[in-house]
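The values are calculated or read from the model by the stated rules, or taken from the named source; none is laboratory data. None of the values given here were measured: they were computed from a predicted structure. Note that each Cβ is placed from the backbone with ideal geometry, even for glycine, and that neighbours are counted across all protein chains shown. These area figures cover heavy atoms from the full protein model, side chains too; ligands, DNA and RNA do not enter into them. Shrake-Rupley method; radii C 1.70, N 1.55, O 1.52, S 1.80 Å.
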Amino acid sequence: MSGEDTGWFDTLGLTEYEATALRELLTLGPTTAPNLAEATDIPKARIYGVLESLSDRGFIKIIPGRPKEYQPKPPETILDRAVENSRQDYEQFAAIVDDFREDFLAEFRPRYEQASEDITPTEELFHVVDVGEPSERETRRLYHEADERVCVVTKSFEYFDSVEPAFADALDRGVEISILMLVPEFLSTEPRDEPAIQRGIVERIRTDYPSVEIRFSTGKLPFRGNVADPSLDYETGSAILLVEEEDVPNHMRQAAITDNGAFVAGLMRYFDLIWEHETREAYPDDA
């Protein structure tokens, strides 16, 4: 299997044997278990269990006969069933959690409140995660939980690939997303060509998500991050941000996360002021 194929089948939650068998079936069409075992080098003692698992997931169907044959479902059906399987797994998990939610809260809420009595307001204001997968995971959560508005402050949005599904989900739910980037003049070409990265991301978003407005700050930005759902009464809002530290490599940085409504409102006010007074809407070479 190619590296790309491996990634696809990993995402579908298949074991190595299951991925190998499904890929071969999609190539060969209907065949018997012994033939498939021979074509894939999957041990004959394992092949029937592998095929049964693929059938249970709805990825293949069994054709009765002597011997039985196994036929793959169409690729689009396989993907649709994978999504449906995950949805059912989530709903079952959510139901299980709901069953013990009341008892869990009765047991641990008093413990938590007692243990939190000495936490200062400053300690409650932020918590931090490492930059990279942890901060990207928190960013995806922010998109999934947003109700009305998300504002992105970024140099070139180079992490867009890792958050795009959650980004698209937010848009599908009617969340308004605005992106504030740096003008290309402030971007670096070493060690990576940041202007080229930015240009590629901007073109993708403009093409695939035309409702998203992008502007470019004409001044340097003191922080980068995402701000969601502020309110004038300071009751809602969340944000993840990191300050600009050019001399510190990304793997040594940390991002701050806050659900403090007043702080989030302040971040949004900053965003709106920059958006209205210190931005332009196009690249210098845009027609």
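In this structure, is Thr139 in contact with a strand residue (DSSP E or B) (Cβ under 8 Å, 6 or more places away or on another chain) and of a type outside the set (A, V, I, L, M, F, W, C)? For Thr139, the condition - in contact with a strand residue (DSSP E or B) (Cβ under 8 Å, 6 or more places away or on another chain) and of a type outside the set (A, V, I, L, M, F, W, C) - is met. The residues listed here are Arg87, Arg111, Arg140; of these, the one that is in contact (Cβ under 8 Å) with a residue 12 or more places away in the chain, of a type in the set (Lys, Arg) and more than 27 Å from Leu28 (Cα to Cα) is Arg140.
Within segment 4-19, being open to solvent by 100 Å² or more (accessible area, probe 1.4 Å) and either modelled with pLDDT of 90 or more or basic (Lys, Arg) (or both) holds for one residue alone: Glu16.
Is it the case that Ala106 is small (Gly, Ala, Ser) and farther than 22 Å from Trp8 by Cβ? When the stated conditions are applied, Ala106 passes them.
A search for C-beta distances below 6 Å between a residue of segment 201-219 that is touching a residue at least 60 places away in the same chain (Cβ under 8 Å) and any residue that is open to solvent by 70 Å² or more (accessible area, probe 1.4 Å) and part of a strand (DSSP E or B), counting only pairs 6+ apart in sequence or on different chains, returns Phe216/Arg280.
Those residues that are more than 15 Å from Thr31 (Cα to Cα), of a type in the set (Gly, Ala, Ser) and either crowded, with 19+ Cβ neighbours inside 10 Å or under 34 Å from the mean Cα position of the chain (by Cα) (or both), I need them from segment 44-60; list them, please.
Step one: list which residues in segment 44-60 are more than 15 Å from Thr31 (Cα to Cα), which gives 45-46, 49, 53, 56-58.
After this cut, where a residue has to be of a type in the set (Gly, Ala, Ser) as well, the list is 45, 49, 53, 58.
Scanning segment 44-60 gives Gly49, Ser53, Gly58.
Given the criteria open to solvent by less than 20 Å² (accessible area, probe 1.4 Å) and touching a Lys or Arg at 6+ places or on another chain (Cβ under 6 Å), does Ala37 qualify?
Numbers: open to solvent by less than 20 Å² (accessible area, probe 1.4 Å): yes; touching a Lys or Arg at 6+ places or on another chain (Cβ under 6 Å): yes.
Here the answer is yes, as Ala37 does meet what is asked.
Of the residues making up segment 61-97, those that are over 30 Å from Ala39 (Cα atoms) and either hydrophobic (A, V, I, L, M, F, W, C) or at pLDDT 95 or above (or both) are Phe93, Ala94, Ala95, Ile96, Val97. With respect to the conditions (1) within 18 Å of Leu25 (Cβ to Cβ); (2) in contact with a His (Cβ under 7 Å, 6 or more places away or on another chain), Gly132 lacks only one, and its number is (1).
Which one of Tyr234, Tyr209 is over 20 Å from the mean Cα position of the chain (by Cα), closer than 19 Å to Ala146 by Cα, surrounded by fewer than 18 Cβ atoms within 10 Å (Cβ to Cβ) and not small (Gly, Ala, Ser)?
On the way: Tyr209 fails: over 20 Å from the mean Cα position of the chain (by Cα).
None of the others qualify; the one that does is Tyr234.
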